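The values are calculated or read from the model by the stated rules, or taken from the named source; none is laboratory data. Remember, predicted model here, so these are calculated numbers, not experimental data. Reconstructed Cβ throughout: ideal geometry from the backbone, glycine too, with neighbour counts over all protein chains shown.
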Amino acid sequence: MKIELGAVIPTIQYGNIQPKFEVEAESIEAGLAIIEPQIKALYDKYSEKPLVTHTGGAQSTQDDFVEVEAFVGGKIWYSASKHEYRNDKGEIYLSGSQYASSFDKPFDAQSIAGKMATKSGVPVQDILKMWEMKRDISNGYGTALHLAMQLYGEYHKHSEAFEKNYHIHDLAVFKDAVESFYATRKDELAKYEAFVVDHERKYVGQIDRLMFGVDGGAWVEDFKTNAELDPKKLATYWKQLSFYASILKANDKHVTGLRIHHWDGKRWTTIASEVQEVL
């Protein structure tokens with residue numbers, strides 16, 4: 001039989017390579033035995049961290065996996081370090097970011113860095129290292145701002161019990177963003193970092209902010225800290241949020257629409273969209 005297997009290997013921020021392999025084998029297990037070592041070799045070569053493979057169920061090989069009760073869909077095993085989701089059988093679920101990035105053209109970091117090195121004289125490894133550092137800075141800042149937004153959103157009502165505003169981070173870079181965002185949103189009912197699961201399709205995701213309107217419908221919202229939001233990036237983000245919306249709908253939840261809240265370092269800009277069809 002013919003066995004085909006592909007992989008998405010992250011390289012730099014928003015970049016990946018997507019190799020595909022095809023072999024003739026007597027069984028699926030025999031085909032995987034040939035392909036999987038090749039995928040792992042490529043992953044270890046180009047990704048920031050080596051690929052860790054497992055056999056058996058999620059519970060017996062969970063490493064840092066924790067069982068989470070999702071907002072809809074039931075329980076799921078989640079690894080924050082791997083950003084990976086599994087069920088009790090160890091089956092890996094498709095996330096919103098993976099779904100959205102599957103439509104993007106792979107970014108061949110090694111090839112592009114090589115061409116830049118030829119023109120500039122700068123070593124390839126230095127170029128790759130600069131990209132890696134920029135990615136880490138962007139990811140670190142974005143993660144920290146998400147936490148600051150969640151801190152206020154979930155715990156601001158507790159502040160009256162303290163003499164200090166523990167629900168607002170003291171650093172100005174976060175304080176300004178938080179206070180300006182919630183200035184007109186203090187009374188909104190919202191859930192933060194909401195896990196959503198569709199076990200039938202093996203879809204899963206974590207929504208930055210799920211805001212509930214007076215009509216009972218929910219807005220699927222995301223915080224973004226990109227330097228700029230170009231149409232290409234927006235198209236990817238709408239796919240990701242629509243993926244989350246499809247999971248909510250599969251669990252009989254009404255979704256009003258999608259929103260992206262973009263912080264450019266000085267002000268918030270909110271962009272809305274209808275839910276797109278998920279393939």
message = For ARG259, only one of the following conditions fails: (1) closer than 24 Å to GLU84 by Cβ; (2) within 17 Å of the chain's Cα centre (by Cα); (3) touching a residue at least 40 places away in the same chain (Cβ under 8 Å). What is its number?
response = (1)
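Every residue, every condition in (1) assigned to a helix (DSSP H, G or I); (2) among the small types (Gly, Ala, Ser); (3) modelled with pLDDT under 95, yes or no:
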| site | (1), (2), (3) |
| --- | --- |
| GLN98 | yes, no, yes |
| ASP104 | no, no, yes |
| ALA113 | yes, yes, yes |
| LYS134 | yes, no, yes |
| LYS164 | no, no, yes |
| VAL173 | yes, no, yes |
remark   = Inside region 234-279, the number of residues satisfying the requirement of being closer than 24 Å to ARG185 by Cβ and basic (Lys, Arg) is 4
ask   = For region 239-272, how many residues meet the condition of being of a type outside the set (Asp, Glu), within 18 Å of GLY142 (Cα to Cα) and not in a strand (DSSP E or B)?
value = 5
request  = Could you please let me know if PHE174 is surrounded by fewer than 17 Cβ atoms within 10 Å (Cβ to Cβ), farther than 26 Å from VAL72 by Cα and in the same structural domain as LEU241 (by TED's automatic domain parsing)?
outcome  = no
query = Taking the stated definitions as given, is LYS233 of a type in the set (Lys, Arg), farther than 17 Å from TYR99 by Cα and either outside any strand (DSSP E or B) or touching a His at 6+ places or on another chain (Cβ under 7 Å) (or both)?
reply = no
query = Across region 242-279, what is the number of residues that are out of contact with any strand residue (DSSP E or B) (no Cβ under 6 Å at 6 or more places or on another chain) and among the hydroxyl-bearing types (Ser, Thr, Tyr)?
reply = 2
Candidates GLU221, GLU228, GLU193, GLU200 - the one that is of a type in the set (D, E, K, R), exposed (fewer than 13 other Cβ atoms within 10 Å of the Cβ) and within 25 Å of TRP77 (Cα to Cα) = GLU200
query = Since ARG185 meets every condition but one in (1) part of a strand (DSSP E or B); (2) surrounded by fewer than 16 Cβ atoms within 10 Å (Cβ to Cβ), which condition does it not meet?
reply = (1)
